[in-house]
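The values are calculated or read from the model by the stated rules, or taken from the named source; none is laboratory data. All values derive from a computational prediction rather than experimental measurement. For neighbour counting, all protein chains shown are included, and Cβ atoms are generated from backbone atoms with ideal geometry for every residue, glycine included. We work out accessible area using only protein heavy atoms, side chains counted, and drop any ligands, DNA or RNA first. Shrake-Rupley method; radii C 1.70, N 1.55, O 1.52, S 1.80 Å.
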Amino acid sequence: MNKLLIPNIYLSNEKAVQGFHSATPLAEEKPEDLARSYSNHGADELLILEFSRNDVEHDAAIAQIKRICDAAEVPVIAGGNVKRMEDVKKLIYAGCHRAILNFGKEVNCELLEEVSKKFGKEKMVIYLPTVDAYERYQETIETYAGMLYCDDGIQDQLHQLSALPVLVLTNQKDPLELLSSDAAAAITGAVVSKPGQDLMELKHRCKQNGIPVNTFESAIAWSDFKLNSDGMVPVIVQDYQTDEVLMLAYMNEEAFETTLRTGKMTYWSRSRRELWTKGMTSGHFQYVKSLALDCDNDTILAKVSQIGAACHTGNRSCFFKELVKKEYDDTNPLRVFQNVYDVISDRKLHPKDGSYTNYLFDKGIDKILKKVGEECTEIVIAAKNPDPEEIKYEISDFLYHAMVLMVEKGVTWEDITRELARR
């Protein structure tokens with residue numbers, strides 16, 4: 001099993017701070033921007049601990065954690081002010097992959113079985129302040145938890161007692177020394193949480209020392225690529241979320257290997273005759289999500305997380321000069337839903353006389369909910385009809401009214417697709 005690097009963010013008053021009971025900011029960025037940076041720099045997961053003191057602060061922290069989950073692009077583990085089932089539910093519904101129960105608190109010990117049965121043992125991480133805490137609840141932990149979490153110093157004993165993976169919090173020890181031990185399945189703490197730290201470089205060092213970690217490994221050797229006359233292959237670059245084509249560039253072997261090692265798209269500049277990591281001067285980096293080779297082994301398709309603009313002109317994509325265009329119906333579901341949603345949003349901002357959409361907004365939430373309910377019923381009735389055309393029509397009607405509700409409540413298609421992807 002590969003070892004995991006899991007940076008942590010301590011949340012206090014919706015800011016990332018340097019540690020427990022600290023008010024000193026860790027970085028200038030918002031916590032969600034810091035989370036995205038960790039992800040881009042090679043984090044396998046993120047660990048969030050929030051230090052709210054009351055229900056108002058707790059709800060604000062949950063909202064912040066949701067923003068972090070939306071931005072992170074890697075699984076998020078979170079905990080902090082957990083006292084009841086509802087607190088764990090809020091973390092899971094905010095998008096957290098796993099929730100932490102602190103077994104230094106009796107209420108959390110009593111909570112484990114209930115929340116594990118509700119959400120699954122794989123979502124339960126148990127913080128153990130001492131080995132005694134594990135031994136006292138060993139049977140419950142082994143039955144209902146998926147991971148242990150402890151401070152550096154007791155992981156060896158826990159590893160001897162349990163087959164569960166152990167996440168170790170450490171602030172000073174050499175991470176390679178810790179990761180080389182069978183007792184540590186993952187590490188968190190200051191050693192992997194410095195803002196801007198290149199975790200891909202740390203993973204490269206781990207690999208050199210025989211420590212298994214998650215890195216980019218090509219399934220096909222460069223020697224099997226079909227190169228052009230310059231010894232290179234063209235690379236088509238797409239946004240990994242929207243599939244928008246961003247640019248075309250070229251790689252030689254050095255550029256390809258550098259891309260795999262760093263996780264940042266690196267090319268060979270034919271004009272400057274030098275290696276070129278996209279964004280090194282502009283800050284508009286491209287972080288690798290996937291690389292694929294075409295059927296002839298002569299072209300790479302890269303899907304990336306693009307920071308800023310891909311084009312040197314400042315345009316998002318290099319392909320912005322329209323040459324010819326024939327009108328056609330775009331039936332791509334994502335674009336159709338987004339286009340209809342955008343029209344509805346525009347109606348709310350810029351009302352139009354006679355618009356049915358504006359009629360719904362003017363009548364308010366109760367009218368919108370009534371129509372959503374009516375359209376649900378129409379779908380049920382249509383489904384009893386053998387003619388599929390009727391159900392197509394009714395589902396389309398329902399989706400339109402659902403989108404009016406989404407706009408009214410400030411929910412976007414991105415929110416919905418993220419939630420579906422998490423499931």
At a Förster radius of 60 Å, what calculated FRET efficiency corresponds to the Cβ-Cβ distance of His284 and Met85, to the nearest 0.05? 0.85
Residues whose modelled amide H sits under 5 Å from the amide H of Gln238, counting only those 5 or more places away in sequence or on another chain, are Leu246, Ala302, Lys303, Val304
Given 133-141, 385-393, 77-85, the highest-first ranking by average Cβ count within 10 Å works out to 77-85, 133-141, 385-393
Quick one: which residues, 5 or more positions from Thr299 or on another chain, have an amide H under 5 Å from its amide H? H modelled 1.01 Å from N in the peptide plane, none for Pro or chain starts. Asp294
The chain - mean residue ellipticity at 222 nm from DSSP helices (-39,500 (n - 2.57) per run, n ≥ 4, rounded to 500): -12500 deg cm²/dmol
Please label the shape of region 168-327 as rounded, prolate or oblate, based on the square roots a ≥ b ≥ c of the eigenvalues of the alpha-carbon gyration tensor (a/c under 1.5 means rounded; beyond that, a/b larger than b/c means prolate, else oblate). prolate
What shape does the chain take by its C-alpha gyration tensor, where a ≥ b ≥ c are the square roots of the eigenvalues and a/c under 1.5 counts as rounded, a/b above b/c as prolate, and the rest as oblate? oblate
Express the accessible area of the chain per residue in Å², computed with a 1.4 Å probe while the remaining protein chains stay in the model. 53 Å²
The answer for chymotrypsin sites (Phe, Trp or Tyr not before Pro) in region 259-324 that fall in a DSSP coil and have at most 16 neighbouring Cβ atoms within 10 Å is Phe319, Phe320
Those Cys residues of the chain for which no other cysteine Cβ falls under 4.7 Å: Cys69, Cys96, Cys109, Cys150, Cys206, Cys295, Cys376
Label-point separation in nm, Ile416 to Ala292, each point 7 Å along Cα→Cβ: 2.5 nm
Hey, what do the phi angles of region 2-9 turn into as Karplus ³J(HN,Hα) couplings, whole Hz, using 6.51/-1.76/1.60 and θ = phi - 60°, x for Gly and Pro? 5, 6, 10, 9, 10, x, 10, 10
Between Trp222 and Asp182, what is the label-to-label distance in nm when each label sits 7 Å out along the Cα-to-Cβ direction? 3.7 nm
Find how much the distance from Lys30 to Asp329 grows on full extension, using 0.36 nm per residue of separation minus their present alpha carbon separation; answer in nm with one decimal. 103.6 nm
Add +1 for every Lys or Arg and -1 for every Asp or Glu among the other residues with Cβ under 13 Å from the Cβ of Val125, and state the total. +1
Restricting to DSSP loop positions (anything but H, G, I, E, B) with no more than 14 other Cβ atoms inside 10 Å of their own Cβ, which GluC sites (Glu not before Pro) remain in region 298-378? Glu322, Glu327
Hey, with R₀ at 22 Å, roughly what FRET efficiency would Leu161 and Asn2 work out to, going by the Cβ-Cβ distance, to 0.05? 0.45
For region 340-423: lysine pairs with Cα atoms under 14 Å, gap of 8 or more or different chains, count? 5
If I take R0 = 35 Å and measure r between the Cβ atoms of Glu389 and Val245 in this structure, what FRET efficiency does the formula 1/(1 + (r/R0)^6) give, to the nearest 0.05? 0.50
